[in-house]
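What follows draws every value from the coordinates through simple rules; no lab data is involved. Note that the structure is a prediction, hence the values are computed from the model and not measured. FYI the Cβ positions are ideal-geometry reconstructions off the backbone, even for glycines, and counts take in every protein chain you see.
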Amino acid sequence: MAAPAIGRPRPVDALGPRGPYRSSRREVVRDVAGEPVAELTMVPPLYLHRALDLMRATSAESAAWSPGERAAVLRRAADLFAGAVLGGLGPDEHHLLVARTTGVPVSVARAAASTIALVAAHAVDSAESARPLGGESVVWRRRGRLFTVTASGNHPSVHSLWLEALALGYRVAVRPSRRDPFTALRVVLALREAGWPTGDVVLLPCDHATSDDLVRGGDLAMVFGGDAVVAKHTGGARRTPVLTQGPGRVKLLVTGDWEQHLDVIAESVGGLGGVSCLNTTAVLAQQDAAGLAEALAERLSRARPLPPEHEAATLPCAPLADARALEAFVRASAAGAVRLTGPVAHDLGDGSAALGPAVHLLDGPFAEQTALELPFPCAWVAPWSRDDGVAPLRGSLVVGTDADDLVDDLVDEPSVRNVYDLARPTWWLPPGVPHDGYLAEFLMRSTAVARG
């Protein structure tokens, strides 16, 4: 099946503090079938350094606005992002382009756009949720002027996570993923069209080496990536404080009858295309883990392998060679586990493949595979007992459980960031609910100011 024609490769320019910039060095952005869809400007180090120096020199123009003024412009930007023609693309064309390049189903791309718009519209209120209570001598102030973001391309909604910085009066410089530069581009275009100052939010595509300069050039930075990226930017004597956004390693613990929770379990694993850091990686069950694994495998295997632009698609897609390499990696990583699903790579005949679900049954909750997060619906199911306690759940962005008596222990465990019941999937994240804490906890500090 041939992929839909998206047209000749479109130029994607950088959006600097003084306007668009197109360099002679460009990188071709390809869709999952290998077809070129865009030429992305890669800013050279000198341009990036000058842009960051300019932005860091003075406070953001929007910092002088009241919270109400910032909220009004962000609401206008949300409306434009959701419905306007920006950069020559309407919303439907944008969703198709994102689906074809990231491989997420077009319905997921559409839902992510709705999430970004909703978060933008409520960004000021969300930021205020993190404000600490203090007396008249306490001022909640920014830790710097410039916040830099190195984004990933696994899911478009990562661009909802830095909008709070604008709500707090920061200047923001974003390096988009070379897999999906389109979502960040559309966000910045919407903000500028809504009236956000050009010098306060910029788009700076660059290579990996230059992205290190982007991180160092900010007063504070947020970096998305895998374990290697997190390790690179964690600890050490860095000048720039870095907030890392790595694998979520999300887990579910079911202590009672799992059958009544099967819908939520399956949606936690496979919703959003299974590509988010909020999707479930491991499922621990006190009762009949083998039965749960078989039922989950059957449920997830109902998904049809379809190209990402198909409205009925629910599975992510990837270039065929990448899909086959991922399948081989899963097979090697699953040594000692019982595989309950079919092949991962489903050839779509155009150079791409849909990534079918993988469900494996493990011997116990401490198996190393429970921490193996992969970019498609993949779940590792294991038995759990009361003697195991919360130890197997450590290091999780979200833990979902029906065990009310363990909630306090989970909240007390520092490496567990969020705790949900089983009334919602693990990727539930409405505006105002912290993701990995509130971003404002990182961007702001309380300062004593005593006068008179």
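Classify region 332-452 as rounded, prolate or oblate from the Cα gyration tensor: take a ≥ b ≥ c as the square roots of its eigenvalues, call it rounded if a/c is under 1.5, otherwise prolate when a/b beats b/c and oblate if not.
It comes out oblate by the Cα gyration axes.
If N is the number of residues in the chain, what value comes out of its Cα radius of gyration divided by 2.2 N^0.38 Å?
0.99
Using DSSP, restrict attention to beta bridges with both residues in the chain and report what percent are antiparallel, rounded to the nearest 5.
Bridges in the chain are about 35 percent antiparallel.
What net charge do the residues around GLY351 carry, taking every other residue with its C-beta under 15 Å from that of GLY351, with Lys and Arg at +1 and Asp and Glu at -1?
Net local charge, GLY351 excluded: -3.
Please report the relative contact order for the chain, taking Cα pairs under 8 Å with a sequence separation of at least 6, and give it as a percent rounded to a whole number.
Value for the chain: 18 percent.
Grab the DSSP H runs of the chain that are 4 residues or longer, score each as -39,500 (n - 2.57), total them, divide by all residues and round the 222 nm result to the nearest 500 deg cm²/dmol.
-9500 deg cm²/dmol
Sequence gap at least 6, Cα distance under 8 Å: using those rules, report the relative contact order of region 191-344 to the nearest whole percent.
It rounds to 15 percent for region 191-344.
Would you give the gap between the C-alpha center of region 34-79 and the C-alpha center of region 314-369, rounded to a whole Å?
Using only Cα atoms to place each centre, the spacing works out to 38 Å.
Only Lys, Arg, Asp and Glu count, each charged at its Cβ (+1, +1, -1, -1), so figure out the dipole size of the chain about its Cα centre, rounded to 20 debye.
It comes to approximately 2220 debye.
Rounded to the nearest 5, what % of the DSSP beta bridges within region 250-420 are antiparallel ones?
Percentage antiparallel, nearest 5: 30.
Within a 10 angstrom radius of the beta carbon, how do GLU69, GLU311 rank from fewest other beta carbons to most?
In increasing order of surrounding Cβ atoms, one gets GLU311, GLU69.
Taking the Cα centre of region 284-416 as origin and charging only Cβ (+1 Lys, Arg; -1 Asp, Glu), how large is the dipole, in debye to the nearest 20?
My answer is approximately 640 debye.
Does anyone have the angle between helix 106-121 and the longest principal axis of the chain? Alpha-carbon axes, 0 to 90°, nearest 10?
That helix lies at roughly 50 degrees to the long axis.
Roughly how big is region 227-368's charge dipole about its Cα centre, with Cβ charges of +1 (Lys, Arg) and -1 (Asp, Glu), in debye to the nearest 20?
700
Show me 55-66, 184-195, 420-431 ranked by packing, highest mean number of other Cβ atoms within 10 Å first.
With the highest mean Cβ count within 10 Å placed first, the list reads 184-195, 420-431, 55-66.
Among DSSP bridges having both ends in region 322-452, what percentage is antiparallel? Round to the nearest 5.
40
Once you keep just the Cα pairs under 8 angstrom separated by 6 or more residues, what percentage relative contact order results for region 9-148?
Relative contact order for region 9-148 comes out at 21 percent.
By the gyration tensor of its Cα atoms, with a ≥ b ≥ c the square roots of the eigenvalues, what is the shape of region 93-203: rounded for a/c under 1.5, prolate for a/b over b/c, or oblate?
Because a/c hits 1.5 or more and a/b exceeds b/c, region 93-203 counts as prolate.
Toward the positive end of the charge dipole of the chain, about the Cα centre and with charges on Cβ (Lys, Arg +1; Asp, Glu -1), which of PRO17, VAL264, VAL338 goes farthest?
Selected residue: PRO17.
At a 10 angstrom cut-off on C-beta neighbours, averaged per residue, how do the peptides 438-449, 93-104 rank from highest to lowest?
In decreasing order of mean packing, 438-449, 93-104 become 93-104, 438-449.
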